1. Which of the residues that make up the stretch 383-400 are assigned to a loop (DSSP other than H, G, I, E, B) and open to solvent by less than 40 Å² (accessible area, probe 1.4 Å)?
2. Could you run through the stretch 75-95 and say how many residues are part of a strand (DSSP E or B) and acidic (Asp, Glu)?
3. Mind counting the residues in the stretch 202-224 that are more than 22 Å from TYR503 (Cα to Cα), out of contact with any Leu (no Cβ under 7 Å at 6 or more places or on another chain) and free of Cβ contacts under 8 Å to residues at least 24 places away in the same chain?
4. Determine if the stretch 5-14 includes at least one residue that is in a loop (DSSP other than H, G, I, E, B) and under 27 Å from GLY296 (Cα atoms).
5. Report every pair of residues separated by at least 6 positions or lying on different chains whose Cβ atoms are under 7 Å apart, first residue within the stretch 540-564 and of a type in the set (Phe, Trp, Tyr), second assigned to a helix (DSSP H, G or I) and open to solvent by 10 Å² or more (accessible area, probe 1.4 Å).
6. Report, by residue number, each residue of the stretch 371-384 that is out of contact with any Ser or Thr (no Cβ under 8 Å at 6 or more places or on another chain) and at negative phi.
7. Could you list, in sequence order, all residues of the stretch 484-515 that are open to solvent by 20 Å² or more (accessible area, probe 1.4 Å), part of a loop (DSSP other than H, G, I, E, B) and at pLDDT 90 or above?
Amino acid sequence: MLNIPSEKLKEILIKDALITSDNFDSLFLEAKRMGQNIADILISRGLITSDYFYNVVSKYFGVEKVDLLSRSIEESVLKLLSEDVARQKRVIIFDKESDGSLNVAMEDPSDLETIEFLKKRLKANIKPFLATPKDLNKGFSLYGRHLTEDFKKIIEENIQASLRKKVSTIEEAAKDVPIVAIVDGFLSYAISLRASDIHIEILDDIVLIRFRIDGVLHEIIRIPKEIHQAIVARIKLLGGLKIDEHLKPQDGRFRYKIGPDTIDVRVAIIPVFYGEKIEMRLLPSTQRPLSLEELGILGNLKEVVEENIKKTYGMVLVCGPTGSGKTTTLYSILNILNRPEVNIVTIEDPIEYDIKYVNQTQINSLAGINFASGLRAILRQDPNIIMVGEIRDEETAQIAVHSALTGHLLLSSLHTNDAATSVPRLTDMKIESFLISAVLNISISQRLVRKICLNCIESYSADENTIQFLEKQLKEINPYSKIKVPKILYRGKGCPACSNTGYQGRIGIFEVLEVNEELRKFIVSPNFSLSELNSLAKKNGMVTIFEDGIKKIATGITTLEEVLRVIRE
């Protein structure tokens, strides 16, 4: 990242009335303590946006900023530089001038060494432009136009090579060059497609490879059963698992390097009818925690969340089904709360991201560490803030509630369909209603929707049937709603940058139940019911997930189809 001297950045931010001198100094010290860039801290705390920062950088250094998201790049120009070199140097060639000079988007246009390298390699004059990491990633995704054919060709060649080779043991097969190349091919291809998960599933006659991209599973390739055992053994070897164990589930992890990026790969293997199924979760090891705005918590919702996480005790719950982004939201809140004057301790299963100055504990059933026993141990560590990855059972719930009662701010997640259901869910775990009323500050429910690809976004007029349907849905879901149904909708046409899906990336849609005095009294009331709690919360101004989705539809962030898909799941 191209950096502005901190004093100059401070001067600009104060001039634009975005921060006070004391606040900047405090955050600068915090950035030094955490080993982060001051700009990353400012962005993750929601004080500035990424676009604002890069516009400031562009003006300060006198370097033109390029928006790769809104322009087309000819393949012949893009591929003047190979993908591996482009990723390594964090550059994209996006245009060629009539005199033969090349326009190059760079994360750091002041990097003279890289500019000189490109001049010699490409034998052309280089004109550097400033680009954001998001822009560059869009450029890298364009290399994938013909990646599917290349990937399938490489995999097929290595499958044939593996079938021809004779190896005496499964351990030898796991280290055999074609099998190594096949597993590397899966990982590289998945990362290039921004997949979050790889599924390797054995059927009666074939092995099915599927990637989860932006929350949706896609079949990628089918491979012969004959090499399944060798692939499983290879992944077990990488994950530090027992190669000869086939009847018990196993979990492991390893790191995979692609260019300058390192990916943490979490491996889960279970025995199924025809053999062993593998699931690999791909986690960028250097990912910056997102700000509330980047998560999708906007406007009034953001104010409610910020106000409640500032409290020194009580409980903040994040609810939703598996894969709805609960852990990412918890990490973002932790990052906001991570200050020198507080002691933060977590108990997680597993630890997904390493956060500096947060004491993170991993569940370990072999060592007798579960959520309940880990939480007991945490309470002896003099914590101010505690995060429990998930409240799953009565014992954990009891300890968590009593922790929140005794001067600790406790963050955790629950598997519920909406924010209000967190109350009866805790009751099911034998928590008394008066305790829930006393400790619950807010309950956040969320889903993830795919974002419209900005490279191919288009608007269209909603037909009368659609408008009537949305109006009816809004009235049924929240009779007190003040949300207006949009008459202009948006969608992605499909382009190479989004693999012709019309979507690129994901964002959350949320509802936040703030437990005020009226709701606290109702929770302990003998007449308590979930439907009445929901109704009372809406009357008090709670925006439902569907309404938040409608807001994001109206602003062109996502589509109507996406919002309906996730709230119906």
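The values are calculated or read from the model by the stated rules, or taken from the named source; none is laboratory data. All values reported here derive from a predicted model rather than from experimental measurement. Positions of Cβ are backbone-derived with ideal geometry, glycine not excepted, and every protein chain shown enters the neighbour counts. What goes into the accessible areas is simple: the full protein's heavy atoms, side chains included, and nothing from ligands, DNA or RNA. Shrake-Rupley method; radii C 1.70, N 1.55, O 1.52, S 1.80 Å.
1. Quick first cut of the stretch 383-400, residues assigned to a loop (DSSP other than H, G, I, E, B) only: 383-384, 389-393.
Residues satisfying the conditions are PRO383, GLY389, GLU390, ILE391.
2. Applying the first criterion (part of a strand (DSSP E or B)) to the stretch 75-95 yields 91-95.
From what is left, the residues that are acidic (Asp, Glu) are 95.
Count: 1.
3. So the count comes out to 3.
4. Just the residues of the stretch 5-14 that are in a loop (DSSP other than H, G, I, E, B), to begin with: 5.
In the following step, the residues that additionally are under 27 Å from GLY296 (Cα atoms) were identified as none.
No, there is no match, as no residue in the stretch 5-14 is in a loop (DSSP other than H, G, I, E, B) and under 27 Å from GLY296 (Cα atoms).
5. Filtered contacts from the stretch 540-564: PHE546/GLN473; PHE546/ILE477; PHE546/ILE567.
6. Taking the stretch 371-384 as the starting set, the residues that turn out to be out of contact with any Ser or Thr (no Cβ under 8 Å at 6 or more places or on another chain) are 373, 376, 380-383.
SER373, ARG376, ARG380, GLN381, PRO383 - these are the residues of the stretch 371-384 that are out of contact with any Ser or Thr (no Cβ under 8 Å at 6 or more places or on another chain) and at negative phi.
7. Within the stretch 484-515, LYS484, VAL485, LYS487, LYS493 meet the criteria.
For every residue, the table says whether it meets (1) of a type in the set (Val, Ile, Thr); (2) touching a helix residue (DSSP H, G or I) at 6+ places or on another chain (Cβ under 7 Å); (3) under 24 Å from MET106 (Cα atoms); (4) modelled with pLDDT of 90 or more.
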{"site": "SER26", "(1), (2), (3), (4)": "no, no, no, no"}
{"site": "ILE43", "(1), (2), (3), (4)": "yes, yes, yes, no"}
{"site": "GLY46", "(1), (2), (3), (4)": "no, yes, no, no"}
{"site": "ASP51", "(1), (2), (3), (4)": "no, no, yes, no"}
{"site": "VAL57", "(1), (2), (3), (4)": "yes, no, yes, no"}
{"site": "PHE61", "(1), (2), (3), (4)": "no, no, yes, no"}
